Amino acid sequence: MPSAGTALLLIDVVNDLAFPGSEALVEQAEPMSMRLAAFKKRAAKAGVPIIYVNDNFGQWRSDFRRTVAHCCSHGSPGRLVSRRLKPTAQDYFVLKPKHSGFYDTTLDTLLGDLGIKRVIVTGIAGNICVLFTANDAYMRGLRIYAPEDCIVSNTADDNTHALRQIEVVLKGRTEPSARLRFSRAPGTRRQRR
């Protein structure tokens, strides 16, 4: 896929995963974060903008740096995932108050400013925030890619169902991240803002 006009969305990957019954999700998220970190590196190298779309966890007075520090701390069940996928200074971030990355956020404006036509949705949880964000992207006319190995949900069945919805209803592509290759137009450089 062309790197120009494509953005990689990392949804709720900076996450303490501190809720009752999160053990199964943590167990799935840790290996997923390794695959997503490798995919993110390839995307960044191709000049694809990386956008963290993250829950604010109801902390209206915090900022994303504080959220990252909390989620990477020793007491956080999601610390390995958060540490592996920690944003760099070149990455963008959007804090969201609800499930969809588009609801009451600046994501739509950012994507428009970057000239984005395709989004690659990844992250946690596939059957909630990833699916809702993919749905809203589809309603805005964006092409959807959802690499199946870079998305996890509370259960494997929930994840399978979400990926099926993305594929069938939203006309998205769900092949593994290793099959997604980027082509960069000659002379194209990564956009910085």
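The values are calculated or read from the model by the stated rules, or taken from the named source; none is laboratory data. Keep in mind that this is a model prediction, so the values were computed, not measured. Cβ placement follows ideal geometry from the backbone for every residue including glycine, while neighbour counts extend to all protein chains displayed. For the accessible areas, the whole protein counts, side chains as well, though only heavy atoms, and no ligand, DNA or RNA atoms are used. Shrake-Rupley method; radii C 1.70, N 1.55, O 1.52, S 1.80 Å.
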> When residue 160 is evaluated against the numbered criteria (1) modelled with pLDDT of 95 or more; (2) outside any helix (DSSP H, G or I); (3) of a type in the set (S, T, N, Q); (4) farther than 13 Å from residue 11 by Cα, which criterion, by number, is the only one it fails?
Replying inline: (2)
>> Going by what's in this entry, would residue 4 be described as of a type in the set (A, V, I, L, M, F, W, C) and in a helix (DSSP H, G or I)?
In response: no
> Which residues, counting only those in segment 7-24, are in a loop (DSSP other than H, G, I, E, B) and over 30 Å from residue 117 (Cβ atoms)?
Replying inline: 16, 17, 18, 19, 20, 21, 22
>> surrounded by fewer than 20 Cβ atoms within 10 Å (Cβ to Cβ) and either under 17 Å from residue 8 (Cβ atoms) or free of Cβ contacts under 8 Å to residues at least 12 places away in the same chain (or both): which single residue out of 115, 101 fits that description?
In response: 115
> residue 85: open to solvent by less than 10 Å² (accessible area, probe 1.4 Å) and in contact with a helix residue (DSSP H, G or I) (Cβ under 7 Å, 6 or more places away or on another chain), yes or no?
Replying inline: yes
> Which one is modelled with the lowest pLDDT, of the residues in segment 164-188 that are surrounded by fewer than 11 Cβ atoms within 10 Å (Cβ to Cβ) and hydrophobic (A, V, I, L, M, F, W, C)?
Replying inline: 185
> Hey, any hits in segment 60-81 for a residue that's under 16 Å from residue 177 (Cα atoms) and surrounded by 14 or more Cβ atoms within 10 Å (Cβ to Cβ)?
Replying inline: no
>> Quick check on segment 145-157: of everything there that is assigned to a helix (DSSP H, G or I) and touching a Lys or Arg at 6+ places or on another chain (Cβ under 9 Å), which residue is most open to solvent (accessible area, probe 1.4 Å)?
In response: 149
> Condition test on residue 31, is it surrounded by fewer than 19 Cβ atoms within 10 Å (Cβ to Cβ), assigned to a loop (DSSP other than H, G, I, E, B) and either touching a His at 6+ places or on another chain (Cβ under 6 Å) or without any contact (Cβ under 8 Å) to a residue 24 or more places away in the chain (or both)?
Replying inline: no
